[in-house]
C-alpha cells in the first residue's frame, strides 16, 4: 500500500477511503429505504401514479442481496478508517468538548455492528419471501435495519461536519 | 431470490435457525462485551500493536481500541451458540420466536444509550 503514497498524500488516501465509505452508505440508505417503504406501506389497489406510489412500488426482495453486500462493504471501509478516526478525528473532538457528538457516533458503531449480525437472518427471510409465516419478522427486521442505517448515516454525517479527514 | 408462494413451512430450517440465533446472540453478546469490557483483543492504532484480551492504553502510545475485539468476541460466541441451536430438533427450533430478531435490538437500544452515559453530559 505504501507505493500509493508516492502519488497521493496520506490525507488524500484516507479521504478517498472515507468518500467510498460514504458513497456506499448513500447507496445502502437508498436501497433499504425503498425496501422498507415497500413493506411498510405497500401500494394499494387502484392507487395511481405519484412519486410516493412509485417509491414504494419496488420489488422488495430484489434489494436483499445488494443491501447485504453494501452493508458489509460500508462496514469494512468504516472499520478500516475507524482506526484513523480514533486518533485524528476523535481526539480533537474530545479536546473541543463535543461529547454528545462522540456519543452519537459511538451509538452508531454499536448499532451498525448489531445490524451486521442480523444480516444473515434478514437475507434468509427475504430469500423465502413467499413464506407468509415470515412476513411479520421480515417486515419489522427490514424496518429496524433501515432505522439503523438512517441513524448511522446521519450521525456519521454530523461527525464529518464537526471534523472530517484531511484536516 | 425465491418469491414463490409457499406457506407450508412452519419452522425454520437448521440454517434459518443458525441465522436467527446468530443475530440474537451477536446483539446480546456485543452489548455484554461492551459493558463488561470483554474484547477478544485490543488494538493500539498509534503503534499497530495488538494485545490479547482487554489491555489499557499504554503510556505515550495513544488510545486503545476495543471495538474490533468486541466484534470478534461476540462473533465467536454467537457462532458457537447458533451452531448448537441449529442442531436442535425441528420441534424445538420451531419454538424460537422469529420476532426476537427485531425485538432484541430494539430492547437493547436503551441499554446501549445508558452505556454511553459518559457522553451525554451538558
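Laboratory data are not the source of any read-out in this text; all were calculated from the coordinates shown. This is a predicted model, so every value here is computed, not measured. Glycine gets a Cβ as well: all are built from the backbone with ideal geometry, and neighbour counts include every protein chain shown.
What is region B:65-122 by shape, rounded, prolate or oblate, if you read a ≥ b ≥ c off the alpha carbon gyration tensor as root eigenvalues and call it rounded for a/c under 1.5, prolate for a/b larger than b/c, and oblate otherwise?
Here region B:65-122 falls in the oblate category.
With angles folded into 0 to 90 degrees, how steeply does helix A:135-162 sit against the dominant principal axis of chain A? Use alpha carbons for both and round to 10.
30 degrees
Enter the angle in degrees (range 0 to 90, nearest 10) between the Cα long axis of helix B:67-86 and the first principal axis of the Cα atoms of chain B, meaning the one along which they spread out most.
That works out to roughly 20 degrees.
Find the relative contact order for chain A and round it to a whole percent, using C-alpha pairs within less than 8 Å whose residues are 6+ positions apart.
Dividing the mean separation by the residue count of chain A yields 34 percent.
In peptide B:96-103, what is the residue-averaged number of other protein chain Cβ atoms found within 10 Å of each Cβ?
6
What's the average, rounded to a whole number, of partner chain beta-carbon atoms within 10 Å of each residue's beta-carbon in A:76-82?
1
From other protein chains only, count the Cβ atoms within 10 Å of every residue's Cβ in A:88-95, then give the mean.
1
In deg cm²/dmol and to the nearest 500, what is the mean residue ellipticity at 222 nm of the protein assembly as shown if only DSSP H runs of at least 4 residues count, each as -39500 (n - 2.57), divided by the residue total?
Here the helix-only value at 222 nm equals -21500 deg cm²/dmol.
Could you work out the relative contact order of chain B, using alpha carbon pairs under 8 angstrom and six or more residues apart, expressed as a whole percent?
Over chain B, the number comes to 32 percent.
Nearest 10 degrees, 0 to 90: what angle lies between the long axis of helix A:99-127 and the longest principal axis of chain A (Cα atoms)?
40 degrees
Kirkwood Rh, region A:8-162, all Cα pairs: how many Å?
16.9 Å
Can you tell which of B:80, B:50, B:92 shows the greatest fluctuation in a Gaussian network model of chain B with Cα springs below 10 Å?
B:92
Return the whole-Å distance between the Cα centroid of region B:43-101 and the Cα centroid of region A:115-167.
Measuring centre to centre over Cα atoms gives 19 Å.
Please report, in Å, the Rg and the Dmax of region B:11-95, where both are computed over Cα atoms only.
16.6, 57
Give the order of B:117, A:1 when sorted by the count of other beta carbons within 10 angstrom, beginning with the fewest.
With the fewest neighbours first, B:117, A:1 line up as A:1, B:117.
Order B:27-39, A:88-100 from most to least packed using the mean count of other Cβ atoms within 10 Å.
B:27-39, A:88-100
Say R0 is 25 Å: what FRET efficiency, to the nearest 0.05, do residue B:54 and residue B:92 get from their beta-carbon distance?
Approximately 0.10, to the nearest 0.05.
For residue B:120 paired with residue A:53, estimate the spin-label separation in nm (one decimal), with each label point 7 Å from Cα along the Cα-to-Cβ line.
Each label point lies 7 Å from its Cα, and together they span 4.4 nm.
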